[in-house]
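In what follows, a single structure is set out as structure tokens and then discussed.
The values are calculated or read from the model by the stated rules, or taken from the named source; none is laboratory data. On a predicted model such as this, the values are computed, not experimentally measured, just so you know. Please note: Cβ atoms are built from the backbone with ideal geometry, for glycine as well, and neighbour counts cover all protein chains shown.
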Amino acid sequence: MRHGGYGLGQVELAPRLLRKVEPKYPLAARKRHVTGKVLVKFLVDSSGRVRHLDVVESRPEGVFDQAAVEAVSAWEFTPGVLRGRSVSVWMLLPISFTLQ
């Protein structure tokens with residue numbers, strides 16, 4: 001379901017990340033030394049908040065989804081800009097889970 005908003009290629013200035021919350025590594029995955037990636041799609045609204053967040057793809061499936069969603073939901077952005085005004089912009093970002 002589309003909720004309005006522009007694609008990155010349609011705006012003059014893309015949203016810029018102001019506040020990033022690192023995802024919490026799931027304990028079970030850490031104990032098993034599992035790494036992975038979650039591809040999330042979300043709308044950065046005209047006030048810079050994350051809305052309509054969905055997991056597009058995840059590997060391994062289901063292991064890191066909740067951690068990625070919780071973290072990205074708390075991120076804050078400067079909104080995208082089109083013709084001098086703040087607009088909502090769709091983003092597609094991979095969130096990687098690696099062990100140091």
Residues to consider are Lys31, Lys20; find the one that is in contact with a helix residue (DSSP H, G or I) (Cβ under 9 Å, 6 or more places away or on another chain) and among the basic types (Lys, Arg). Lys20
All positions within the range 11-57 that are charged (D, E, K, R) and free of Cβ contacts under 8 Å to residues at least 12 places away in the same chain: Lys31, Arg32
Which condition number does Leu8 fail, the rest of (1) modelled with pLDDT under 95; (2) surrounded by 11 or more Cβ atoms within 10 Å (Cβ to Cβ); (3) in contact with a Lys or Arg (Cβ under 8 Å, 6 or more places away or on another chain) being met? (3)
Candidate set: the range 56-66, residues that are surrounded by 15 or more Cβ atoms within 10 Å (Cβ to Cβ) and in a loop (DSSP other than H, G, I, E, B); chosen: the one farthest from the chain's Cα centre (by Cα): Val63
Is it the case that the range 28-40 has a residue that's within 25 Å of Gln100 (Cβ to Cβ), touching a Ser or Thr at 6+ places or on another chain (Cβ under 9 Å) and assigned to a loop (DSSP other than H, G, I, E, B)? yes
Those residues of the range 67-100 that are farther than 30 Å from Pro26 by Cα, polar (S, T, N, Q) and assigned to a loop (DSSP other than H, G, I, E, B) come to a total of 1
Does the range 13-23 contain at least one residue that is among the hydrophobic types (A, V, I, L, M, F, W, C), assigned to a strand (DSSP E or B), surrounded by 12 or more Cβ atoms within 10 Å (Cβ to Cβ) and under 11 Å from the mean Cα position of the chain (by Cα)? yes
Taking the condition of being farther than 22 Å from Thr35 by Cβ and either surrounded by 15 or more Cβ atoms within 10 Å (Cβ to Cβ) or touching a strand residue (DSSP E or B) at 6+ places or on another chain (Cβ under 7 Å) (or both), how many residues in the range 74-100 meet it? 13
